[in-house]
Every structure is written in C-alpha cells, then in structure tokens.
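Just so you know, all these numbers are worked out from the coordinates, no wet-lab data involved. Predicted, not measured: the structure shown is a model, and the values here were computed from it. So basically every Cβ, Gly included, is an ideal-geometry build from the backbone, and we count neighbours across all protein chains shown.
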Amino acid sequence: MDIANQLLWLFILPIPIACIVWTVTNEEIFREPRTYCIERSRNCHNSFKRKFFYLFTCEYCFSHYISLFFIWVTDFKLLTINWTGYLISIFALVWMANIYMSLFTLLRQEIKKDKSEIDVINCLKQ
C-alpha cells in the first residue's frame, strides 16, 4: 500500500474505532454494564480483574483493544510491511481515535452550552 492510501486509512479507520469506544464508555445504552465494570474495577481484590473491568470504563485504554481488533480485521500496517508496521499503526490509530473523541466531546459541550443559553433567553422572555 502506498503512503497516500496509508494516510487515507489512518484518517478513516479511527472513525469506527472512536464510535465503538465512545458508545461503550459513554453512552446510555451501555450504562448498566459500565456501572458494573466501574464497581468491579474499584472493589475486586484481584489486581488483574480490577484492570480488566477498568478497561471498559476508560476511553483511552479501550481504544487500544478496539484498534488491535481493527488492525487484525483489516491487516492495516503503517510505513513498513513487517511487524513494525503493525506497531506503528496501533499507536497511530489510538492517537487519531482519541483526537476524534476529543473533538466530539468539545462539539457536544458547545451544543449543550448553546442549548442552555437558549433556555435562559427563553425564560427571560417569558
């Protein structure tokens, strides 16, 4: 794969990674399993179990495993064709997915702020 295609993949592949990670770690549909994982990550006596359950509550941690899954499915390598291409791609995909999630967080905060300002203006008009 030439460098232009690799860069295209580098910008597109993190989109579904970020979507999956965000949904599992933040959205209401996974609230109950996430609450269970939070409780287990704080109260398990076994260190391995605490880390395992924490994985599903941390965007950054979970993005590594989802990126590994996508690399396995797509066989995406970045810059080199050997195992170092996999190593480079895992960290590049995690980094890009986390940038996308950060931008999404900022966008959601701005939307909430705008809605709050509109609500205040509407209350003052009444």
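Please list, short to long, the whole-number percent of alpha-carbon pairs of the range 3-125 in consecutive 5 angstrom bins beginning at zero.
Result returned by the calculation: 2, 11, 16, 16, 15, 13, 11, 8, 5, 3, 2, 1, 0.
What Cys residues in the chain are without a partner cysteine, judged by a Cβ distance under 4.7 Å?
Isolated Cys, the chain: CYS19, CYS37, CYS44, CYS123.
Give the whole-number value, in cubic angstrom per residue, of the convex hull volume spanned by the C-alpha atoms of the range 77-126.
Cα convex hull per residue, to the nearest whole number: 39 Å³.
Tell me, what ³J(HN,Hα) does each residue in the range 65-77 have, in order and in whole Hz, if you take phi through Karplus 6.51 cos²θ - 1.76 cosθ + 1.60 with θ = phi - 60° and put x for Gly and Pro?
Those phi angles translate into 6, 5, 5, 4, 4, 5, 5, 4, 5, 9, 6, 6, 10 Hz.
Ranked by Cβ crowding within 10 angstrom, fewest neighbours first, how are SER47, SER67 ordered?
Listing SER47, SER67 from fewest to most nearby Cβ atoms yields SER47, SER67.
I need LEU124, LEU106 ordered by Cβ neighbour count within 10 Å, fewest first.
The fewest-first ordering by Cβ neighbours comes to LEU124, LEU106.
Quick one: helix 83-125 against the long Cα principal axis of the chain, what's the angle to the nearest 10°, folded into 0 to 90?
Computed tilt is about 10 degrees.
Normalised by the residues of the chain, what does the relative contact order come to in percent, with Cα pairs under 8 Å and at least six apart?
Reported as a whole number, the value is 28 percent.
Roughly what angle does helix 14-26 make with the longest principal axis of the chain, taking Cα atoms, 0 to 90 degrees, to the nearest 10?
Here the helix axis deviates by roughly 50 degrees.
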